[in-house]
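Written below as structure tokens is the structure these notes are about.
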């Protein structure tokens, strides 16, 4: 009976939330024992009212009625951001995830890697994809411009001498709304060869 009332409380909280919202079983810890809360979430997921994204992470599904695509899953980036918000830490996509986010690559990585000033960990999400949080010293994330930080991590993934002409043009396009004087401080955090690429876009 106690479990039933926990389930009802969780359900009424879910019903008040918007479709597409990401939910953590741990957010409901005040309602009872962890085991009972996890059981309640499992049952609610079986009913189809929520979908399981990863262990202890669920979503109130958004359904596409316009084009008939059915359930619209949140992106891996949305899941990563929600985890970072819950854990009160900073995250930045790096490697292939950064390349994809900036439009420097169309490849969607199976495992999205994020630098974080929080804890290192690996999370398996739906469709066999994964999120890897890699702890770095906070100074590495101390950029004022998120765009310059993303470009830095993306180009590091490509490596010196491996940046194609179309990718250089894309970097130029991305930086066109970022005044040079606003990124001056950030350039001190950027490796020399990437700094040269960025400065060349302002010539």
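Computed from the coordinates by the stated procedures, all read-outs in this text should not be read as laboratory data. Everything quoted here is computed from the prediction, not taken from an experiment. Positions of Cβ are generated from backbone atoms using ideal geometry, with glycine treated the same way; all protein chains shown enter the neighbour counts.
A Förster distance of 45 Å, applied to the separation of the beta-carbon atoms of residue 30 and residue 162, puts the FRET efficiency at 0.30. For the chain, the mean residue ellipticity at 222 nm estimated from helices alone is -12000 deg cm²/dmol, where every DSSP H run of n ≥ 4 contributes -39500 (n - 2.57) and the total is divided by all residues, rounded to the nearest 500.
Based on C-alpha pairs under 8 angstrom that are at least 6 apart in sequence, region 72-124 has a relative contact order of 35 percent. Within the listed set 152, 116, 65, the Gaussian network model of the chain (springs between alpha-carbon atoms below 10 Å) gives the highest mean-square fluctuation for 65.
Taking the DSSP beta bridges with both ends in the chain, the antiparallel portion is around 75 percent.
Fewest-first ordering of 180, 172, 88 by other beta carbons within 10 Å of each residue's beta carbon gives 88, 180, 172.
Using C-alpha pairs under 8 Å with a sequence gap of at least 6, the mean separation divided by the residue count of region 89-200 gives a relative contact order of 24 percent.
Exposure proxy shown here: for 108, 79, 136, the number of other Cβ atoms within 10 Å sets the order, fewest to most, as 108, 136, 79. Counting every other Cβ atom within 10 Å of each residue's Cβ, 135, 19 order from fewest to most as 19, 135. Using C-alpha pairs below 8 Å separated by at least 6 residues, the relative contact order for region 10-151 is 17 percent. For helix 34-46, report the angle its Cα long axis makes with the longest principal axis of the Cα atoms of the chain; keep it between 0 and 90° and round to the nearest 10°. Tilt relative to the chain: about 90 degrees. When DSSP beta bridges are limited to those with both residues in region 89-200, what percentage is antiparallel, rounded to the nearest 5? Roughly 55 percent of the DSSP beta bridges within region 89-200 come out antiparallel. Hey, of (i) 40, 18, 14; (ii) 29, 17, 16; (iii) 26, 19, 17, which did the structure itself give for semi-axes √(5λ) of the Cα gyration tensor in Å when calculated? Given (i) 40, 18, 14; (ii) 29, 17, 16; (iii) 26, 19, 17, the calculated one carries the label (i). Applying 1/(1 + (r/R0)^6) with R0 = 30 Å to the Cβ-Cβ distance of residue 184 and residue 106 gives a FRET efficiency near 0.40.
Placing dummy labels 7 Å off each Cα toward the beta-carbon, the span from residue 200 to residue 135 is 3.8 nm. Note on residue 13 and residue 65: their simple-model spin labels are 2.8 nm apart, each label 7 Å out from Cα toward Cβ.
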